[in-house]
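Down below is the structure, laid out as structure tokens.
The values are calculated or read from the model by the stated rules, or taken from the named source; none is laboratory data. Small disclaimer: the values here were computed from a predicted structure and weren't measured. Using ideal geometry, Cβ is built from the backbone for each residue, glycine included, and neighbour counts are taken over all protein chains shown. Calculation scope for accessible area: heavy atoms of the full protein, side chains included, ligands and nucleic acids excluded. Shrake-Rupley method; radii C 1.70, N 1.55, O 1.52, S 1.80 Å.
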Amino acid sequence: MVDHPRARKLADRIQVIVAQMLDTRIKDPRLGFVTVTDVRVTGDLQNAAVFYTVMGDEEARTGTAAALESAKGMIRSEVGKQTGIRLTPTLEFHLDSVPEIAEKFGEALLEARRRDAELAALRANATYAGDEDPYKHGDDEDDDESTPTPTA
């Protein structure tokens, strides 16, 4: 899906129209707490993919998907009326996976924080295996005497 300026404007307008329709006009009991997250319109303005999220469990998601599928014609008709373009794009509803990905990302961050705390605790009680500073420095006199100087 290409991001042309006209397609982006139409996508924004479709998102508002669909959200208003779901809030005020669609009275299907299967429809859960829906949020329209994004709309993407093809460059030729023929197809629109509507992404949505649903609060609730898997049953709420499947019920909402069925309700959106049955109301697709009425929503498309309203999109055609309010946008006034010659050809109304076909609507495809897709469940947005952003909340699940965000939850997995949050879990990964918590795991990283836990491992960092473990490492910090180990580091606080750690001691050196050998000398604290294993490197030779130029200010040590005995090091200079032990190294042979090359003669030409």
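See the values below:
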{"read-out": "T35, sole failed condition from (1) out of contact with any Leu (no Cβ under 7 Å at 6 or more places or on another chain); (2) at pLDDT 90 or above", "value": "(2)"}
{"read-out": "All positions within segment 133-152 that are open to solvent by 100 Å² or more (accessible area, probe 1.4 Å) and either at pLDDT 75 or above or in contact with a strand residue (DSSP E or B) (Cβ under 9 Å, 6 or more places away or on another chain) (or both)", "value": "Y135, K136"}
{"read-out": "Matching residues, segment 1-28, being open to solvent by 100 Å² or more (accessible area, probe 1.4 Å), in contact (Cβ under 8 Å) with a residue 24 or more places away in the chain and of a type outside the set (K, R)", "value": "M1"}
{"read-out": "Leading residue by the ranking (most open to solvent (accessible area, probe 1.4 Å)) among those in segment 64-78 that are in a helix (DSSP H, G or I) and among the aliphatic types (A, V, I, L, M)", "value": "M74"}
{"read-out": "Selection status of R123, basic (K, R), over 25 Å from D23 (Cα atoms) and part of a helix (DSSP H, G or I)", "value": "yes"}
{"read-out": "Answer from A48, A108, A60, A102 - the residue that is at pLDDT 90 or above and assigned to a helix (DSSP H, G or I)", "value": "A108"}
{"read-out": "Cβ pairs under 6 Å, 6+ apart, first in segment 80-105 and open to solvent by less than 60 Å² (accessible area, probe 1.4 Å), second modelled with pLDDT of 90 or more and in a helix (DSSP H, G or I)", "value": "T83/R13; T88/R76; T88/V79; T88/G80; L91/K72; L91/R76; F93/L68"}
{"read-out": "Residue match in segment 130-137 (condition: of a type outside the set (V, I, T) and either assigned to a strand (DSSP E or B) or touching a residue at least 60 places away in the same chain (Cβ under 8 Å) (or both))", "value": "no"}
